[in-house]
Every structure is written in structure tokens, then in C-alpha cells.
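The values are calculated or read from the model by the stated rules, or taken from the named source; none is laboratory data. Bear in mind the structure is a predicted one, so any value in this text is a computation, not a measurement. Glycine gets a Cβ as well: all are built from the backbone with ideal geometry, and neighbour counts include every protein chain shown. Surface accessibility is based on the protein's heavy atoms, side chains included, excluding ligands, DNA and RNA. Shrake-Rupley method; radii C 1.70, N 1.55, O 1.52, S 1.80 Å.
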Amino acid sequence: ISDVIWVFSPQAEAEEDCHSDTVRADDEENESPAETDLQAQLQMFRAQWMFELAPGVSSSNLENRPCRAARGSLQKTAADTKGKQEQAKEEKARELFLKAVEEEQNGALYEAIKFYRRAMQLVPDIEFKITYTRSPDGDGVGNSYIEDNDDDSKMADLLSYFQQQLTFQESVLKLCQPELESSQTHISVLPMEVLMYIFRWVVSSDLDLRSLEQLSLVCRGFYICARDPEIWRLACLKVWGRSCIKLVPYTSWREMFLERPRVRFDGVYISKTTYIRQGEQSLDGFYRAWHQVEYYRYIRFFPDGHVMMLTTPEEPQSIVPRLRTRNTRTDAILLGHYRLSQDTDNQTKVFAVITKKKEEKPLDYKYRYFRRVPVQEADQSFHVGLQLCSSGHQRFNKLIWIHHSCHITYKSTGETAVSAFEIDKMYTPLFFARVRSYTAFSERPL
């Protein structure tokens, strides 16, 4: 009887398991997660028990198989977690690296080094894992290197873009707004006419357009005022007169003033000449002296057509401050007028006529009763011709001698004697040197 029970008991148990599985499958949707987990564990235990009853299976294989399955699932979970951590670390390093590039472009090198260091500590080769749509050495750097076509079109015509921004900003057009709240009156409250009058004082009668360009860097409103065509038109008229009535071939008055050849007014043109001169022989005839001669030529132009010229052995440190105004007390200085001429060969030349300063001589009453031999009075003037050139990175900074002559006109007869000087190596080119003190003060507006 016991043998019969042993043989048929597994079959009965299997039938019972099948019946329980069928019932469990029907009620699976109605069970809670906790009961489902418990049923799964019970089913696993029964399957393991049934497998143990099968012939040819040892206890060691039974123990290793579930351990291997559990170990594999743990390794897969760990690999997924590690991958997510690496991805998060790379994203953080990318953000730090781009922040460092932005700080470097803004000039904050110390802050940029700190962000670079933190990014390299997270991912050492983060620099090669970033895909740039443009070079990192470009002009614009933000959170990403992607530039839209809209930004390029805005930069193409910055003046129109700023005007649109000011128009859309408020119903009342304001050129600028105070950055900090203050009880004092801000410059943005002034009318447009008053602001433009202030800008004309900045340019002044000396045509200091360099200060106007620096003023345009303050804000968008000042940029718009500095591009006002009327200011640049007045500057062109003061330089070229009636010859610049037509704007062609230039697109704007500002372009004409910057591109058309002209002399510069914010400094002085200087040349240095050096040569060796033979001296007189000594009394005993034993030796003969040689002298090294050095002297300078200075030419200063003014926007109203006046020019000053001075030839002296004194160095620029002592002479340049004296040439700030035409009312200088230097006796040897020559004053006159100049004009610009552009020939058919597309070369701009400067022609000037200069004379000595007229000094009123006091009457000498000591010899008023004596008859003097009359001296023939004459007027002396110098005619100078120079060619305007550009050298290096600066424009219109070089003057080359092409003509120099002396004209003497006798008042009694009206005759004029002309003496032309040969242009040789003694006439060295004059180079421009900007002097800040010449435009430090404004005497009159433009």
C-alpha cells in the first residue's frame, strides 16, 4: 500500500498544482502586489521542489543556478546605474567647460580657469567630446555655440536693429535708461535736440570724431546718436567744403569721412633730418672737425584750413605742447593756409602757402632826426607741396615732399622772385603722431 501511495502522490500533487495555477491565473488581476509577490515565491519554491525530484540533478547545481541568475541581474543593474552616472558626469563637465569659455571671452580669466579645472577633473578629455558648430575662438560665446541666422542679420545692420529695439521697448521713445535708481535727473530725460547738441560739443570744432566713436560704446541710445548723419555731414563739409556735396560713391557721410583721404587734426606731423657737415680746419692744419646736424620739422593742420610749420633742433617733448593753438609765442613758426587736391592719378596732395608771423616793431625815437637809407620792403612766403599717403596700420599718416619754394614779392615794383629748393634726401617724410591734449578741451561745438 505504501508503494502505491509513493508512486501516485507526485501525480496527484501535479494535478493539484495545475488546478491551483488555473485558479491563480483567473484571480491574478484581483490580487494586490504583495499577494502577487507571495504567490510568485511559492510558485518558485514548488518548481524547485519538483526539479529536485527529477533524476540526475545534484544539490550543488540547484544551489548555483539561482545564485548565478541573481548575480547576473545584479550586474546588469549595476552597469545601468554606472552608465547613468557617467552620462550625468559628462553633462556636468560639458556645462562647466562651456561656462569657462564664456568667462574667458568676457575677460574673467581667473573664473575661467576655475571652471576649466572643475570640468577636467570630472572628464579629462571633455574638450574633445564637445561638438562645436563654430570655432571656440569666435566672437560670440554663450551657453552654446549655435548661432541663428537672425543674429547674423541683426549684426549686419546694428543701427537699424537698435532703432527697432528702442521702438518696441516702450510707447515713449527713450534712448537710454538709468541702471540704478537715483533721485537726480538722468540724461535720458533730456530731449533729443539737447542730446544732439551735447554730441556736437563732443566732436567740437576740432573734429574729434574719435571721442564720438568712444561715446557710442556707452549704450544703444548713444550708438544711435553717434551715427546721426547730420554730424558726419557737417564734419565732411568742414574738411572738403563744396567738393563733397555729392555722396557718391560712398553710402553714408560717415563712410566718406573715414575712407576719403584727408589730413589728420588730432596730432602733428613730424620729420627728423640728420646729416654730417664738414667743419673748418684747425689753425695748425693738424685736424678738421666734423659736425652731426639734427633738426625737426613740425606741421600741424586745423579743420578751418589753417596750418602751422616749424623747423627747429628742439625735440618733440618741448615743441609739441606749443603747437596746440595758433596763438603760440614761438618766433620761428610759419602760419598759413592749405588745401587738398586730388589729381587724375587718384593721389591726394596737400598744397600750403605759409609766411612768417607779422610782428609790430616799436618806433625807435632815438634816431628819428637822422636820415636813413630806405630799405626796399618785401613780402616773403613759402609754397609747400606734399603727397598724402598711408603706411602700416594707420591711415593718412605720412606726408612726402614734392615741392618747396620761396616767393619774395617787392612792394615797390610788384615783382616776385621765386627760388625753388631741390627735393633731396634732406626732405625726409613726415609721420603723424597723435597728441591727446589737442582734443582734451572743446572751445566751440561743431
Legend entry - Given (1) loosely packed, with under 14 Cβ neighbours inside 10 Å; (2) touching a residue at least 12 places away in the same chain (Cβ under 8 Å); (3) over 34 Å from the mean Cα position of the chain (by Cα), number of the condition T273 does not satisfy: (1)
Legend entry - Tally of residues being open to solvent by 30 Å² or more (accessible area, probe 1.4 Å) and either over 18 Å from K129 (Cα atoms) or within 21 Å of the chain's Cα centre (by Cα) (or both) across segment 95-107: 6
Legend entry - Subset of segment 378-402 (residues that are of a type in the set (S, T, Y) and open to solvent by 60 Å² or more (accessible area, probe 1.4 Å)): S390
Inset, instruction - Please work out which one of (1) out of contact with any Cys (no Cβ under 6 Å at 6 or more places or on another chain); (2) farther than 27 Å from S437 by Cβ; (3) aromatic (F, W, Y) is the condition W253 fails and give its number. - result: (1)
Inset, instruction - Search segment 324-355 for residues being more than 24 Å from I408 (Cα to Cα) and over 36 Å from the mean Cα position of the chain (by Cα), and hand back the single one that is surrounded by the most Cβ atoms within 10 Å (Cβ to Cβ). - result: T328
Inset, instruction - Kindly check whether there is at least one residue in segment 285-307 that is touching a residue at least 40 places away in the same chain (Cβ under 8 Å) and in contact with a Gly (Cβ under 7 Å, 6 or more places away or on another chain). - result: yes
Inset, instruction - Take V320 and decide whether it is in contact (Cβ under 8 Å) with a residue 12 or more places away in the chain, under 25 Å from F396 (Cβ atoms) and touching a Gly at 6+ places or on another chain (Cβ under 7 Å). - result: no
Legend entry - Filter pass, D304 being within 24 Å of H404 (Cα to Cα), acidic (D, E) and not in a strand (DSSP E or B): yes
Legend entry - helices (runs of 4 or more DSSP H) (entirely within segment 174-263) containing at least 2 residues that are charged (D, E, K, R), open to solvent by less than 30 Å² (accessible area, probe 1.4 Å) and at pLDDT below 85: none
Inset, instruction - Only residues that are under 12 Å from A352 (Cα atoms) and either among the aromatic types (F, W, Y) or outside any strand (DSSP E or B) (or both): list them for segment 380-400, please. - result: F382
Inset, instruction - Would you be able to tell me the number of residues in segment 403-435 that are under 20 Å from Q342 (Cβ atoms) and open to solvent by 70 Å² or more (accessible area, probe 1.4 Å)? - result: 1
Legend entry - Pick from segment 423-437, criterion touching a strand residue (DSSP E or B) at 6+ places or on another chain (Cβ under 6 Å) and assigned to a loop (DSSP other than H, G, I, E, B), ranking: farthest from G385 (Cα to Cα): V435
Legend entry - Filter pass, V268 being open to solvent by less than 100 Å² (accessible area, probe 1.4 Å), of a type in the set (A, V, I, L, M) and within 33 Å of the chain's Cα centre (by Cα): yes
